[in-house]
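Asks: For reference, the structure I am asking about is given below.
The values are calculated or read from the model by the stated rules, or taken from the named source; none is laboratory data. Owing to the predicted nature of the structure, the values given are computational and were not obtained by experimental measurement. Glycine also receives a Cβ, built like all others from the backbone with ideal geometry; neighbour counts cover every protein chain displayed.
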Amino acid sequence: MTTSVDAERTITVTVNGVPRQATVPVRRLLSDALRHDLGLTGTHVGCEHGVCGACTVLVDGAPVRSCLLLAVQVDGASVTTVEGLAREDQQGGQVLHPVQEAFRECHALQCGFCTPGFLVTIAAGLEARDADGPITDEEVEEIVGGNLCRCTGYANIKKAVHHADAAMRDAR
Ligand code: FES
Ligand code: FES
């Protein structure tokens, strides 16, 4: 007999703009569903208890820690992972998100394990920003303060946020 904790449920989620369906155990974490059921391994799993931010994705545009959500909780929602940040250009190629471009320019990563979580968090933070002038150091701290990086010392990550902010303001 199937007990309630072993139950499965089919969910429909729009992931990076594409409707996807998966049948998942009701206890499956969103991070595991993305990686194992949907094959989107760009979302990394570090601490698995909400501390490091490596697993950050956007749910209906807001950054969330996918290791703290059950997959069934996002049934019907829209999820953006790091794979969804780049855009297609008119020739069908990929154009990096300004935050990805800034990380490349500023050498804002070393091992790269934390990088997907930073990229998604920073992209959402800059897109939500409503001030006109350049981003301040305090605002940068606020955006990146919840994500951990063991390699870089954060200086180049913060520099990349300033670069991405400038690029995104220029593009408006
Ligand atoms: S793996 Fe989710 S916050 Fe660390
Ligand atoms: S680049 Fe290695 S943990 Fe951040």
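Asks: Answer with yes or no whether Gly112 is within 26 Å of Ala166 (Cα to Cα) and either of a type in the set (Gly, Ala, Ser) or touching an Asp or Glu at 6+ places or on another chain (Cβ under 7 Å) (or both). Even if it seems obvious, please write down each step before you answer.
Replies: Values: within 26 Å of Ala166 (Cα to Cα): yes; either of a type in the set (Gly, Ala, Ser) or touching an Asp or Glu at 6+ places or on another chain (Cβ under 7 Å) (or both): yes.
Yes.
Asks: I need the full set of residues from region 106-139 which are surrounded by 12 or more Cβ atoms within 10 Å (Cβ to Cβ), away from ligand 2 (no atom under 16 Å from the Cβ) and touching a residue at least 24 places away in the same chain (Cβ under 8 Å), in order please.
Replies: Hits for region 106-139 are Ala123, Ala124, Gly125, Leu126, Glu127, Arg129, Ile135.
Asks: Would it be correct to say that Gly76 is surrounded by fewer than 17 Cβ atoms within 10 Å (Cβ to Cβ) and within 21 Å of Leu30 (Cβ to Cβ)?
Replies: Working: surrounded by fewer than 17 Cβ atoms within 10 Å (Cβ to Cβ): yes; within 21 Å of Leu30 (Cβ to Cβ): yes.
Yes; evaluated as a whole, the condition is true for this residue.
Asks: Another one. Out of the residues in region 1-54 meeting the condition of being at positive phi and within 16 Å of ligand 2 (Cβ to nearest atom), tell me which one is surrounded by the fewest Cβ atoms within 10 Å (Cβ to Cβ).
Replies: Taking the candidates together, the pick is Glu48.
Asks: Considering only region 141-157, state which residues are free of Cβ contacts under 8 Å to residues at least 24 places away in the same chain and either outside any helix (DSSP H, G or I) or surrounded by 20 or more Cβ atoms within 10 Å (Cβ to Cβ) (or both). Show your work before the answer.
Replies: Here is the first cut: in region 141-157, the residues free of Cβ contacts under 8 Å to residues at least 24 places away in the same chain are 141-143, 145, 153-155.
If the condition is that a residue be free of Cβ contacts under 8 Å to residues at least 24 places away in the same chain and either outside any helix (DSSP H, G or I) or surrounded by 20 or more Cβ atoms within 10 Å (Cβ to Cβ) (or both), then Ile143, Gly145, Gly153, Tyr154 are the ones that fit.
Asks: Which ones in region 64-100 are in contact with a Gly (Cβ under 7 Å, 6 or more places away or on another chain) and either more than 19 Å from His49 (Cβ to Cβ) or aromatic (Phe, Trp, Tyr) (or both)?
Replies: Filtering region 64-100 for residues in contact with a Gly (Cβ under 7 Å, 6 or more places away or on another chain) gives 65, 67-68, 81-84.
Thr81, Val82, Glu83, Gly84 - these are the residues of region 64-100 that are in contact with a Gly (Cβ under 7 Å, 6 or more places away or on another chain) and either more than 19 Å from His49 (Cβ to Cβ) or aromatic (Phe, Trp, Tyr) (or both).
Asks: Moving on to the next point. Say we look at region 136-151 and pick out the residues that are under 19 Å from the mean Cα position of the chain (by Cα) and among the β-branched types (Val, Ile, Thr); which of these is farthest from Glu48 (Cα to Cα)?
Replies: The extreme case among them is Val140.
Asks: Of all the residues that make up region 111-139, how many are hydroxyl-bearing (Ser, Thr, Tyr) and assigned to a helix (DSSP H, G or I)? Steps first, answer last, please.
Replies: Applying the first criterion (hydroxyl-bearing (Ser, Thr, Tyr)) to region 111-139 yields 115, 121, 136.
From what is left, the residues that are assigned to a helix (DSSP H, G or I) are 115, 121.
Of the residues in that region, 2 qualify.
Asks: Tell me, yes or no, whether region 127-147 has at least one residue that is under 24 Å from Val45 (Cβ atoms), outside the structural domain of Cys67 (by TED's automatic domain parsing), at pLDDT 95 or above and among the hydroxyl-bearing types (Ser, Thr, Tyr).
Replies: Of the residues in region 127-147, the ones under 24 Å from Val45 (Cβ atoms) are 143-147.
Subset that is outside the structural domain of Cys67 (by TED's automatic domain parsing): 143-147.
Now narrow it down to the ones that are at pLDDT 95 or above: 143-147.
Now narrow it down to the ones that are among the hydroxyl-bearing types (Ser, Thr, Tyr): none.
Within region 127-147 (the criterion being under 24 Å from Val45 (Cβ atoms), outside the structural domain of Cys67 (by TED's automatic domain parsing), at pLDDT 95 or above and among the hydroxyl-bearing types (Ser, Thr, Tyr)), the answer is no, since none of the residues qualifies.
Asks: In the list Cys114, Cys151, which residue meets the criterion of being within 16 Å of ligand 1 (Cβ to nearest atom) and within 18 Å of Thr43 (Cβ to Cβ)? Show your work before the answer.
Replies: On the way: Cys151 fails: within 18 Å of Thr43 (Cβ to Cβ).
Testing whether each residue is within 16 Å of ligand 1 (Cβ to nearest atom) and within 18 Å of Thr43 (Cβ to Cβ) leaves just Cys114.
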